[in-house]
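Peer 1: There's a structure below that I have some questions on.
The values are calculated or read from the model by the stated rules, or taken from the named source; none is laboratory data. Remember, it's a predicted structure, so these values are computed and weren't measured experimentally. As a convention, Cβ positions derive from the backbone with ideal geometry for all residues, glycine included, and neighbour counts pool all protein chains shown.
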RNA sequence: GUGGGAUUAGCGUAGUUGGUUAACGCGCCAGUUUGUGGCACUGGAGAUCACCGGUUCGAAUCCGGUAUUCCACCCCA
């Protein structure tokens, strides 16, 4: 076999055998989001490049080197969304959703694209579930949003996830902190890595989580943002912690969480798993009070986060969490001979119309092979239809899990009223 | 973008001093006489040994490059 091409690097196919796992996770996300009052928002996969440049931030790695950007035939620069927040914020502004009452609570479940070097848990096309809440600066909202993530993880039965939170201040206090950082790190200029030297002027906060051992050593004693928070930020952070405590959510304060997207302010957090290697952040987000304004809108304090579906599935796989298999075929009808095949097809259609899954042979197999197939697809019941059955108006139905058989009448009534539940009744209890 | 490992049928693997039709398990297909799956048995299909090039009389096996994938860094979900 020589297939002409393969899937693009860093992309994944979700095959029929596997898709139920995705659907299970997605359904729980949708349900929990609904319980918390969030409604789905769907925005286009691509946007004008400037939206991300502006929203996510020019200095970020995501914008500088990871975007799928191209020119259209019309000559405009468009970009495949590298994350979900910018597009959602754009839509909120474009449709003036602020007029429909605040806060605006939305969630998305979509693909995102980043041109990165792939490895397990890091794909070029990946999927995120994300939460967006616009128009509230209250710390309750911070806790609410984290609580939603937490209850999704609980329903997915994911174990050993650590919540780490931090506050990275606001335009009022961060400049002072940045100055303090510059002053501190300047003393060690000759020992810092090239990357850190570059960032020292533009984005000194990023030096704090540098993984280069020598830098890391220096960063240990760097001033903490928590000592530089303005009164408002500090009080906000305190209240967020209180609300988390009230919700019974455990967390660890990690001053090293700074996040790589420029729009974050005040609260930032991550849920981290140690089960899947170095790409362990399964959910990350925080507050972005300045984003909407940055995009040309009104001052609209907001917050949100995104979870990586592939990573969650990896963790679940790793922890051996069982995902319930979907309902299989209720009845398989094996037909013998042309006349019986037609009848089988007719009955199958009737059952389908009653809302149940039924199947019959569509490849021309023999009886034995049809039974094997019925077994393979996990049919709950099977029935054999041949000349004898058609003559006598009587067919045997077999319970595929127990092997028991029972007889059932064919005929006019049969096709009209037949349901698999009737068969089940004949067997007494089923399940 | 940096560094390292891997690459043999759909999947998991075996295959070293380089030597005839590349092996095994699972899966798939078909049979095991009279019309019934899960077990067993028999048979069958399926691999240009990732790709390209080099060394050699001869390469799955050695060398180089490319691709993909995994691990770490980086980044982030």
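Peer 1: Looking at A:264, A:332, which one is modelled with pLDDT of 90 or more and either over 30 Å from residue A:375 (Cα atoms) or surrounded by fewer than 18 Cβ atoms within 10 Å (Cβ to Cβ) (or both)?
Peer 2: Working: A:332 fails: either over 30 Å from residue A:375 (Cα atoms) or surrounded by fewer than 18 Cβ atoms within 10 Å (Cβ to Cβ) (or both).
Of A:264, A:332, the one residue that is modelled with pLDDT of 90 or more and either over 30 Å from residue A:375 (Cα atoms) or surrounded by fewer than 18 Cβ atoms within 10 Å (Cβ to Cβ) (or both) is A:264.
Peer 1: Right, next: What are the pairs, 6+ residues apart or on separate chains, where a residue within segment A:256-267 that is within 12 Å of residue A:204 (Cα to Cα) has its Cβ under 7 Å from a residue that is in a loop (DSSP other than H, G, I, E, B) and more than 9 Å from RNA strand B (Cβ to nearest atom)?
Peer 2: If the second residue must be in a loop (DSSP other than H, G, I, E, B) and more than 9 Å from RNA strand B (Cβ to nearest atom), the pairs left are A:258/A:168.
Peer 1: Can you say whether residue A:273 is crowded, with 18+ Cβ neighbours inside 10 Å and either farther than 27 Å from residue A:318 by Cα or near RNA strand B (Cβ under 10 Å from one of its atoms) (or both), as far as the supplied structure shows? Walk me through it before giving the result.
Peer 2: Values: crowded, with 18+ Cβ neighbours inside 10 Å: yes; either farther than 27 Å from residue A:318 by Cα or near RNA strand B (Cβ under 10 Å from one of its atoms) (or both): yes.
In short, yes.
Peer 1: Does segment A:357-369 hold any residues that are within 8 Å of RNA strand B (Cβ to nearest atom) and in contact with a strand residue (DSSP E or B) (Cβ under 7 Å, 6 or more places away or on another chain), and which are they?
Peer 2: Across segment A:357-369, the qualifying residue is only A:367.
Peer 1: Can you work out which of the residues in segment A:375-418 that are in contact with a strand residue (DSSP E or B) (Cβ under 9 Å, 6 or more places away or on another chain) and modelled with pLDDT under 60 is nearest to RNA strand B (Cβ to nearest atom)?
Peer 2: A:414
Peer 1: Evaluate the following for residue A:328: is it closer than 30 Å to residue A:140 by Cα, out of contact with any strand residue (DSSP E or B) (no Cβ under 9 Å at 6 or more places or on another chain) and not in a strand (DSSP E or B)?
Peer 2: Working: closer than 30 Å to residue A:140 by Cα: no; out of contact with any strand residue (DSSP E or B) (no Cβ under 9 Å at 6 or more places or on another chain): yes; not in a strand (DSSP E or B): yes.
So residue A:328 fails the test.
Peer 1: So which residues in segment A:241-255 are under 18 Å from residue A:227 (Cβ atoms) and surrounded by 16 or more Cβ atoms within 10 Å (Cβ to Cβ), if there are any at all?
Peer 2: A:241, A:254, A:255
Peer 1: May I pose another question? May I ask you to say which residue of A:98, A:79, A:69, A:85 is surrounded by fewer than 21 Cβ atoms within 10 Å (Cβ to Cβ), in contact with a helix residue (DSSP H, G or I) (Cβ under 8 Å, 6 or more places away or on another chain), under 23 Å from residue A:259 (Cβ atoms) and modelled with pLDDT of 95 or more?
Peer 2: Details: A:98 fails: under 23 Å from residue A:259 (Cβ atoms); A:79 fails: surrounded by fewer than 21 Cβ atoms within 10 Å (Cβ to Cβ); A:85 fails: surrounded by fewer than 21 Cβ atoms within 10 Å (Cβ to Cβ).
Of the residues listed, the single one that is surrounded by fewer than 21 Cβ atoms within 10 Å (Cβ to Cβ), in contact with a helix residue (DSSP H, G or I) (Cβ under 8 Å, 6 or more places away or on another chain), under 23 Å from residue A:259 (Cβ atoms) and modelled with pLDDT of 95 or more is A:69.
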